[in-house]
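Below: one structure, written as structure tokens.
The values are calculated or read from the model by the stated rules, or taken from the named source; none is laboratory data. Quick caveat, the model's predicted, so the values are computed rather than measured. Don't worry about glycine lacking a Cβ; one is built from the backbone with ideal geometry, like all the others, and counts go over all protein chains shown. Heads up: the accessible areas ignore ligands, DNA and RNA and are worked out on the full protein's heavy atoms, side chains in. Shrake-Rupley method; radii C 1.70, N 1.55, O 1.52, S 1.80 Å.
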Amino acid sequence: MKLRPLVGTVIAAALLLSACGGGGRPNDGNVAIGVYPASALSLPVYVAVQQGMFDKEGLHVELIDGKNGPELISGLIGGTTDLAVGAPGTVVPAIEQGQSLRPLSPYGSIDLAIAVTKDSGITTIEDLPGKRIAIPSRGGAAEQFVNQLLAERNIDASTVQFIAAAPTASQIPLARKGDIDAAVLTAASQAVFDAQGIPMTSITEVDPVGSDGVSSYGLGTVLVTTATFAESDAAAPVCAALEAAAGWIADPANEQAGAELLTERMNVPADKANQVWASQKSRWPVEISADRWTQNVTWVNNQTSGRSDADVPFDPLC
């Protein structure tokens, strides 16, 4: 199954904004970053703001919330932001269409799992055909994730019914009424389900070390900037601040502070926050291999354009 509609929207918006003169702003130490609000996808940015890491580098950062990946990438290319929180499914197609975008560290290992309701009868991925799976939107990262897991097991994706249910808050009533059998959840969203009295059991690994296939190599977050910003004086300080944030996340001494940040920024219930934080500590490497990047390009292209791996060489800013 090729997920062309969403990617086509991304590319059309990006090219239109590029034609209108976007692609970066003169930088004077002010940096605008497009983020997914209330999401662990934006965690290093939130940490760098809260812990004063951007301030230490002489940067004044403004966070601009985006509704989805296409909006964030379009804002970046159009010059509204200097950096954006992205994902392979939006970043790779934009680069393939000629946009001069560069990834930067840290990279977010994929934080998605298929979780099932107690009455679903599902215990393995092989049980998914004929079942209803809630996802935020059709054609997005969650659907691509499921499709790749199915493909790795030679299961026809058309046998699964996807229910576009928007954010977690909209999925919970569906699970409560028995209108879905499973959902694609992050550790944080699964904690929210549990707090609402709807226990969900993961049938896929969320540990990038202990899992296989897309669960091991997949990237959930790719911070990205423009070639114009990459040449600015602010580029190196931004890299330094974000890499410091990755180190802070990985430091066991920051577990309680990190859990409090999750509760404040991501609406994770306080009694679940430590558990969720534990899932984040190993998810933000400051370096990835070119091979891992290529695996993500291949994954995206298999789901969308079918282009070759060579279309998006690995060219990180930091």
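I need the full set of residues from the stretch 42-70 which are outside any strand (DSSP E or B), open to solvent by 60 Å² or more (accessible area, probe 1.4 Å) and either without any contact (Cβ under 8 Å) to a residue 40 or more places away in the chain or under 24 Å from Val192 (Cα atoms) (or both), in order please.
Answer for the stretch 42-70, where residues must be outside any strand (DSSP E or B), open to solvent by 60 Å² or more (accessible area, probe 1.4 Å) and either without any contact (Cβ under 8 Å) to a residue 40 or more places away in the chain or under 24 Å from Val192 (Cα atoms) (or both): Gln50, Asp55, Lys67, Asn68.
Looking at the stretch 290-304, I want the residues that are open to solvent by 40 Å² or more (accessible area, probe 1.4 Å) and have a partner that is outside any helix (DSSP H, G or I) with Cβ atoms under 6 Å, at least 6 apart or on another chain. Which pairs are those?
Partner pairs satisfying both residue conditions: Ala290/Phe314.
Select from the stretch 65-88 the residues that are more than 23 Å from Ala142 (Cα to Cα) and β-branched (Val, Ile, Thr) and list them in ascending order.
If the condition is that a residue be more than 23 Å from Ala142 (Cα to Cα) and β-branched (Val, Ile, Thr), then Ile77, Thr80, Thr81 are the ones that fit.
Looking only at the stretch 255-289, filter to residues that are over 16 Å from Gln190 (Cβ atoms) and of a type in the set (Asp, Glu); which one of those is least open to solvent (accessible area, probe 1.4 Å)?
Glu255
Pro136 is checked against (1) farther than 17 Å from Thr226 by Cβ; (2) surrounded by fewer than 19 Cβ atoms within 10 Å (Cβ to Cβ); (3) not polar (S, T, N, Q) and fails just one. What number does that condition carry?
(2)
Could you give me the residue pairs with C-beta distances under 9 Å whose first residue belongs to the stretch 265-285 and is without any contact (Cβ under 8 Å) to a residue 12 or more places away in the chain, whose second residue is surrounded by fewer than 22 Cβ atoms within 10 Å (Cβ to Cβ) and in a helix (DSSP H, G or I) wherever it lies, and which are 6+ apart or on separate chains?
Final answer for the pair search is Ala270/Ala259; Ala270/Glu260; Ala270/Thr263.
Just wondering, is there one or more residues in the stretch 279-294 that are closer than 23 Å to Asp65 by Cα, aromatic (Phe, Trp, Tyr) and not in a loop (DSSP other than H, G, I, E, B)? Let's see the steps before the verdict.
Here is the first cut: in the stretch 279-294, the ones closer than 23 Å to Asp65 by Cα are 280, 283-284.
After this cut, where a residue has to be aromatic (Phe, Trp, Tyr) as well, the list is 284.
If we keep only those that are not in a loop (DSSP other than H, G, I, E, B) as well, we get none.
No: zero hits.
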